[in-house]
Amino acid sequence: MNKKKDIRALTKEALRDFFVENGDKAFRGNQVYEWLWSKASHTFEDMTNVSKATRAMLEENFVINHIKVDSMQRSKDGTIKNGIKLHDGFIVESVLIPTPKRTTACVSSQVGCSLDCKFCATSRLKRMRNLNPDEIYDQVVAIDNQSRLYHNHKLSNIVFMGMGEPLMNYNNVIKSIEKITSPEGLGMSPKRITVSTSGVPKIIKKMADDEVKFNLAVSLHSAIDEVRTSIMPFNTNFPLDDLRASLEYWYEKTERIITYEYIVWKGINDRKEDIQALVKFCGYVPCKVNLIEYNPIDDGEFQQASSSAINSYISNLEMHDITVNVRRSRGKDIDAACGQLANKS
Ligand code: SAH
């Protein structure tokens, strides 16, 4: 059986120790670490500044579980959806979203998802497993390469809005962000990273305690418990009062505003009281609201609300000095938009 270890599960210290234990110098560990992370090598063969014998020794002991871009679809609007094959055969999806000034990578954090939001295609896949830090990191590297190739500039932003609930895979997400932001990794600023969650209060508090430096977005969709539970059943376990308390804690500790993602659906949350509840909820913690266009997923149960309902949301929020943006969807023709990631290809 294959007893080789995943080399990227090792810290830099452990890698340095490995070389010392094998009669080599500790700094060999630094060299290999650099190949593994900042140079994102797929093979030991690449590591040309270490001897052939060392490379063979690494080959004998370790594997690099690199992801593979298995399929790639390009939308008319420049959006690219990648089917990413993991070492054990599972597929996740990562999306490159270009605008004239920047490109954003939308990455997955789990195979499938542990939540069961009724309006989201990914929820039908169930959670198969969490992604490892290196599997998240690799998605970012792959999209950075595509950004340079197709758009002539490097990746500028990252959103954890692909498949999965990032806060249900918190440790690995944090480790991946450490690598993405470290000068020994990609050296990106945490200010350009947004983690989007359906809202797991305990973990939001932990993030505040951990003094994370990235941005937080919460998929709210309703500020009324009954309504939210009907479309996001896990709200039963994490009701809005608990979410609110965790967000107040977050703001107290980080002083960083929260983004609420919000879709308005016909007959679900397009009433006056829905708007009033959102305005009230926005009063608790400094925030802004992104109204997201709904991307239908086959069954037709959910439909985007009328423009008058959406305009009513906008005017009410603005009347209360709450910043509101309307987010148009990208890559719809290739099912790459929010909530459409379900391995259709
Ligand atoms: N689990 C995380 C991240 C993945 S979802 C979260 O819930 O935030 C990323 C965003 O897409 C969320 O705001 C989610 O509510 C939204 N979304 C899900 N399905 C959608 C759909 N069909 N159309 C538009 N947005 C959708």
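The values are calculated or read from the model by the stated rules, or taken from the named source; none is laboratory data. For clarity, every value in this text was computed on a predicted model and none was experimentally measured. In this analysis, Cβ positions are derived from the backbone assuming ideal geometry, glycine residues included, and neighbour counts consider all displayed protein chains. The area values use the complete protein model at the heavy-atom level, side chains included, leaving out ligands, DNA and RNA. Shrake-Rupley method; radii C 1.70, N 1.55, O 1.52, S 1.80 Å.
Computed from backbone phi with θ = phi - 60° and the Karplus coefficients 6.51, -1.76 and 1.60, the 3J(HN,Hα) list for region 185-190 is x, 9, x, 7, 6, x Hz; x is used for glycine and proline.
Rounded, prolate or oblate: which fits region 1-107 when a ≥ b ≥ c are the square roots of the eigenvalues of the alpha-carbon gyration tensor, with rounded for a/c under 1.5 and prolate only if a/b beats b/c? Prolate, since a/c reaches 1.5 and a/b exceeds b/c. Translational diffusion coefficient of region 164-218 (Stokes-Einstein, Kirkwood radius from Cα pairs, 10 °C, 1.306 mPa s): 139 µm²/s.
The Stokes-Einstein estimate for region 5-63, based on a Kirkwood radius over Cα pairs and taken at 10 °C with 1.306 mPa s viscosity, is a diffusion coefficient of 142 µm²/s. Full extension of the chain between S308 and E211 yields a length gain of 30.9 nm, computed as 0.36 nm times the residue separation minus the alpha carbon distance. Report, to the nearest 10°, how far helix 52-61 tilts away from the longest principal axis of the Cα atoms in the chain, using its own Cα long axis and a range of 0 to 90°. Between the helix axis and the principal axis of the chain, the angle is about 50 degrees.
Test of understanding: extend the Cα→C-beta vector of T11 to 7 Å, then name every residue of region 166-184 with backbone N under 20 Å from that spot. Zone members listed by number: 170-184. Under 5 Å between amide hydrogens, built in the peptide plane, is the criterion, and for T103 it picks out S156, N157 among residues at least 5 positions away or on other chains. The separation of region 225-270 from region 27-99, counted between C-alpha centres, amounts to 36 Å. Rolled with a 1.4 Å probe across the full set of protein chains, the surface gives R327 an accessible area near 110 Å². Ligands, DNA and RNA aside, S198 has an accessible area near 10 Å² when probed at 1.4 Å. Let's test the formula: R0 of 51 Å, r as the Cβ-Cβ distance of Q31 and K272. What FRET efficiency results, to the nearest 0.05? Once rounded, the FRET efficiency stands at 0.20. Between the Cα long axis of helix 26-36 and the first principal axis of the chain there is an angle of about 50°, rounded to the nearest 10. Note on S182 and K288: with the Förster distance fixed at 30 Å, the Cβ-Cβ geometry gives a FRET efficiency of about 0.55. With θ taken as phi - 60° and the Karplus curve 6.51 cos²θ - 1.76 cosθ + 1.60 applied, the whole-hertz 3J(HN,Hα) list for region 317-333 is 5, 5, 4, 9, 6, 9, 5, 9, 10, 9, 9, 7, 7, 10, x, 5, 5 Hz, x standing for glycine and proline.
Based on DSSP H segments of at least four residues, each scored -39500 (n - 2.57), the chain has a per-residue ellipticity at 222 nm of -10500 deg cm²/dmol. Using the Karplus relation 6.51 cos²θ - 1.76 cosθ + 1.60 with θ = phi - 60°, the per-residue 3J(HN,Hα) values for region 280-288 come to 5, 4, 5, x, 6, 9, x, 7, 9 Hz, with x marking Gly and Pro.
Residues E93, E248 ordered from highest to lowest accessible area at a 1.4 Å probe: E248, E93. Accessible surface area normalised per residue over the chain is 47 Å², counting heavy atoms of protein chains with a 1.4 Å rolling probe.
H42 contributes an accessible area of around 100 Å² to the protein surface, as traced by a 1.4 Å probe with all chains present. Percentage of Cα-Cα pair distances in the chain greater than 27 Å, rounded to whole percent? The share of Cα pairs beyond 27 Å in the chain comes to 49 percent.
A cut-off of 5 Å between modelled amide H atoms, ignoring neighbours fewer than 5 places along the same chain, links T197 with A217, V218, S219.
Over the C-alpha trace of region 67-220, radius of gyration and Dmax come out as 14.7, 43 angstrom.
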